[in-house]
Amino acid sequence: PPTPLRRPIRDLPDELISQIAAGEVVERPASVVRELVDNALDAGATQITVRLLAGGVRLISVEDDGLGILREELPIAFRRHATSKIGSLQDLESVATMGFRGEALAAINAIADCAILSRAHGLSEAFLLDGRTGELRPVARSPGTTVEVKELFYSTPARRKFLKTDATELAHCIESVRRHALARPDVGFAIWHEGRLVEQWRKCGALTGGLLFDATPEALDALDQRLYDVLGADFVANSVRVNWSGSKAAQMARLDAAPSMRVWGRAGIPDAARSRADQQFAYVNGRFVRDKVITHAARSAYEDVLHGNRQPVYALYLAMDPTRVDVNVHPTKIEVRFRDSREVHQALRHAVEDTLAVPRAQAAADAAE
Ligand code: ADP
Ligand code: MG
């Protein structure tokens, strides 16, 4: 084999560092949409409007009515590892916001033409920051923030070639917003493509994020409405409400040291199962996740009633002590690591199994009559 050439060790230029980091966070337009909607939710938005051109490749604009960003902080928002969400390791361990790594805006700005327009709540002036030139100028807008991302991957043509058709990229963008919409019935969402309204999910009830951590009856009703709007009448008609509390179960089993966990949402009846796993939504403390433990637990709850490759449908929400789940596993935060995955598996499996057992017991009683 050829002897490797000795080359000097050098620091990478800043721009290249950001472009490398961007590769981890931004795979396609939908990844940008996810990051920007995360930011809008973290800012307490109640209405989020996404506007796209050419499946998001030419333009992604996300407008919110959240807290806004102060003029003097606008330039900091684009800096790498700059965040308002955590300040210490302790914060990181119990993080309750969607973002915390301070990477997204810097990464997106490195591979696209970006601008932030923002008016901080309580202030009368709005400003626009051009991400490329750093120029800051006054503009007019209502309180809140708009982030505009144009010509994604313009500086990295190799990446741009990996993109699919506009229609496919648009579908991924819509799916990304759909995942957020299912987590937050208390927030209104609208998606426009090429000037046409393609999806709109209206705010359901005035919950102000309450659903993230508690499943009150009002919150569950609002969730049903949102599931109906987003996944359709069939999903709601062919599923049963899950509302399970680990602390209650632990009390009944006289285990007093068991950590409390809550699971709610809806689980499809066995007949609603599909050939594809395209209606399986799982959330941990309000964050959409794809997790082997959760998928396996849900699947095993259907063990006796589903055969072959039939895929159950569900939208399940787990609330647990944030210090018992690590969300800092991957830059996209779609993967999580549980401190005790057995405890999560059991909770989820019980929650779904117990729920399914109710209609099953009812059906058995009906049949016996
Ligand atoms: P992170 O979300 O991990 O903090 P980002 O790069 O996504 O990192 O954003 C950097 C910072 O910019 C955020 O911490 C926040 O203070 C501010 N910011 C970004 N988007 C918004 C928004 N839509 N509304 C208010 N502040 C925002
Ligand atoms: Mg963010």
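Residues in the stretch 67-84 that are touching a Lys or Arg at 6+ places or on another chain (Cβ under 9 Å) and surrounded by fewer than 20 Cβ atoms within 10 Å (Cβ to Cβ): 2 in all. One residue alone among V25, V32, V37, V57 is in contact with an Asp or Glu (Cβ under 8 Å, 6 or more places away or on another chain) and within 11 Å of ligand 1 (Cβ to nearest atom), and that residue is V25.
So which residues in the stretch 89-122 are away from ligand 1 (no atom under 13 Å from the Cβ) and not small (G, A, S), if there are any at all? It would help to see each step written out before you state the result.
Start the filter on the stretch 89-122 by keeping residues that are away from ligand 1 (no atom under 13 Å from the Cβ), which leaves 89-90, 93-94, 111-113, 122.
L89, Q90, E93, I111, D113, listed by residue number.
Identify all residues within the stretch 157-190 that are of a type outside the set (S, T, Y) and in a loop (DSSP other than H, G, I, E, B); write none if there are none. Talk me through it step by step, then tell me what you get.
Within the stretch 157-190, the first condition is being of a type outside the set (S, T, Y), and the residues that meet it are 157-164, 166-167, 169-175, 177-190.
Result: K161, F162, L163, K164, R184, P185, D186, V187.
Exactly one residue among A54, A82, A120 is small (G, A, S), within 14 Å of ligand 2 (Cβ to nearest atom) and touching a residue at least 12 places away in the same chain (Cβ under 8 Å), and that residue is A82.
Sort through L67, L74 and tell me the only one that's hydrophobic (A, V, I, L, M, F, W, C) and near ligand 1 (Cβ under 7 Å from one of its atoms).
Details: L74 fails: near ligand 1 (Cβ under 7 Å from one of its atoms).
L67 is the lone residue from the list that is hydrophobic (A, V, I, L, M, F, W, C) and near ligand 1 (Cβ under 7 Å from one of its atoms).
Condition check: out of contact with any Ser or Thr (no Cβ under 9 Å at 6 or more places or on another chain) and within 15 Å of ligand 2 (Cβ to nearest atom). Does A106 satisfy that? Answer is no for this residue. The one condition from (1) within 12 Å of ligand 2 (Cβ to nearest atom); (2) closer than 18 Å to E175 by Cα; (3) surrounded by fewer than 20 Cβ atoms within 10 Å (Cβ to Cβ) that V25 does not meet is (3).
Taking only pairs six or more apart or across chains, which ones have beta-carbon atoms under 8 Å, a first residue in the stretch 133-155 that is free of Cβ contacts under 8 Å to residues at least 24 places away in the same chain and assigned by TED's automatic domain parsing to the domain that holds L53, and a second residue that is loosely packed, with under 14 Cβ neighbours inside 10 Å and outside any strand (DSSP E or B)? Qualifying pairs under 8 Å: P138/E125.
Run P2 past the list (1) free of Cβ contacts under 8 Å to residues at least 60 places away in the same chain; (2) in the same structural domain as F162 (by TED's automatic domain parsing); (3) more than 11 Å from ligand 1 (Cβ to nearest atom) and report the number of the one that doesn't hold. The single condition P2 does not satisfy is (2). Identify the residue in the stretch 297-334 that is touching an Asp or Glu at 6+ places or on another chain (Cβ under 7 Å) and in a loop (DSSP other than H, G, I, E, B) and, among all such residues, is farthest from A181 (Cα to Cα). Among those residues, the one meeting the criterion is V329. Condition check: touching a residue at least 40 places away in the same chain (Cβ under 8 Å) and assigned to a loop (DSSP other than H, G, I, E, B). Does T355 satisfy that? So T355 does not fit the description; no.
The values are calculated or read from the model by the stated rules, or taken from the named source; none is laboratory data. Every value quoted in this text rests on a predicted model; they were computed, and no experiment measured them. Cβ atoms come from the backbone with ideal geometry, glycine included; neighbour counts cover every protein chain shown.
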